[in-house]
Amino acid sequence: MIVGINCGHTVSGTVGSGAVGFINESDETRNVGYKVMDCLRSKGVTVIDCTDDRSASVSENLKKIVDMANSKPLDLFVSIHFNSGGGKGCEVFTYGGKKLEAAQRICDNMAKLGFVNRGIKDGSNLYVVRKSNAPAMLVEVCFVDTKTDVDLYKKLGVEEIARAICNGIEPQSEGGLTMEQYEELKRMIEKESERIDVLNQEVSKLENPMIYNYIDDNMPSWAREAVQWCVDNGIIKGTGEGLGLDNTKLWTCVTIYRLAKLLTN
Ligand SMILES: [Zn+2]
């Protein structure tokens with residue numbers, strides 16, 4: 001699947017850069033839009049960025065956006081915007097108000113996050129919807145000048161909003177799993193690999209037990225005297241590389257030493 005994503009208007013501070021309220025449309029369309037692109041790519045979708053940052057006029061900006069969209073054989077074109085004018089919630093414009101499945105899913109996903117569902121509306125008069133060759137939609141995420149919308153938007157965070165839009169565009173993740181199933185699977189794999197790491201460490205300890213070659217500070221203090229005695233009495237002999245004692249051998253030395261003491265007393 002090839003999807004064109006457009007982050008709304010030009011960058012903040014330029015001609016026709018979009019609505020400004022408690023938040024700024026131009027900045028937020030980019031915050032959300034680029035996350036939507038990442039999310040889609042993670043699902044194996046080919047993404048064409050149809051964002052134009054700078055143009056001398058609104059008409060130039062709109063034309064550039066549509067030219068980018070129409071230069072590729074897109075399956076879907078999505079323009080991301082934020083609303084203003086004091087309403088509440090999310091709405092999606094399509095050509096003739098067509099109930100595109102992806103548009104419906106975006107509305108549903110946004111409603112699940114707590115936004116008012118304003119539904120799918122006729123966007124035939126919108127340049128990017130009208131001129132795009134591919135099925136097109138323009139998403140108005142929420143209202144930049146409505147405090148409850150902005151509060152909810154901020155509380156949820158850009159990631160969550162982007163995921164709602166991304167999962168609306170492409171509900172399946174790579175391999176035919178839903179995003180939720182994919183994330184659950186990822187968590188399970190991470191948990192299992194942690195357990196495998198722990199087991200590997202245990203096996204490594206068994207295969208490579210601690211070896212004490214010298215009677216020094218590395219050797220546990222409870223064994224030093226006994227080992228020294230065993231060496232002094234020729235009970236154990238080291239090789240050129242040291243004594244080569246593991247924990248069990250330390251205990252054996254201690255036992256012999258105690259036994260010897262018992263017999264000599
Ligand atoms: Zn806009």
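The values are calculated or read from the model by the stated rules, or taken from the named source; none is laboratory data. Being a predicted model, the structure only gives us computed values, none of them experimental. Because the Cβ atoms are built from the backbone with ideal geometry, glycine has one as well, and the counts that use them run over all protein chains shown. For accessibility, only protein heavy atoms count, side chains too; no ligands or nucleic acids. Shrake-Rupley method; radii C 1.70, N 1.55, O 1.52, S 1.80 Å.
Out of everything in the stretch 114-131 that is part of a loop (DSSP other than H, G, I, E, B) and open to solvent by 40 Å² or more (accessible area, probe 1.4 Å), what residue ends up being farthest from the ligand (Cβ to nearest atom)? Ranking the qualifying residues of the stretch 114-131, first place goes to G114. Counting the residues of the stretch 1-17 that are on the phi > 0 side of the Ramachandran plot, open to solvent by 30 Å² or more (accessible area, probe 1.4 Å) and within 12 Å of the ligand (Cβ to nearest atom) gives 1. The residue of the stretch 68-88 that is nearest to G33 (Cα to Cα), among those that are open to solvent by 20 Å² or more (accessible area, probe 1.4 Å) and assigned to a helix (DSSP H, G or I), is M68.
Tell me, yes or no, whether the stretch 143-150 has at least one residue that is in contact (Cβ under 8 Å) with a residue 60 or more places away in the chain, assigned to a strand (DSSP E or B), open to solvent by less than 20 Å² (accessible area, probe 1.4 Å) and in the same structural domain as R41 (by TED's automatic domain parsing). Walk me through how you get there before you give the answer.
Narrowing the stretch 143-150 to residues in contact (Cβ under 8 Å) with a residue 60 or more places away in the chain: 143-150.
In the following step, the residues that additionally are assigned to a strand (DSSP E or B) were identified as 143.
Checking which are open to solvent by less than 20 Å² (accessible area, probe 1.4 Å) leaves us with 143.
Pick out the ones that are also in the same structural domain as R41 (by TED's automatic domain parsing) and you get 143.
Within the stretch 143-150 (the criterion being in contact (Cβ under 8 Å) with a residue 60 or more places away in the chain, assigned to a strand (DSSP E or B), open to solvent by less than 20 Å² (accessible area, probe 1.4 Å) and in the same structural domain as R41 (by TED's automatic domain parsing)), the answer is yes, since at least one residue qualifies.
Here K154 passes the criteria (1) assigned to a helix (DSSP H, G or I); (2) loosely packed, with under 15 Cβ neighbours inside 10 Å; (3) in contact with a Ser or Thr (Cβ under 9 Å, 6 or more places away or on another chain) except the one numbered (3). Within the stretch 132-139, can one find any residue that is touching a His at 6+ places or on another chain (Cβ under 7 Å) and either surrounded by 22 or more Cβ atoms within 10 Å (Cβ to Cβ) or not in a loop (DSSP other than H, G, I, E, B) (or both)? Within the stretch 132-139, one or more residues are touching a His at 6+ places or on another chain (Cβ under 7 Å) and either surrounded by 22 or more Cβ atoms within 10 Å (Cβ to Cβ) or not in a loop (DSSP other than H, G, I, E, B) (or both).
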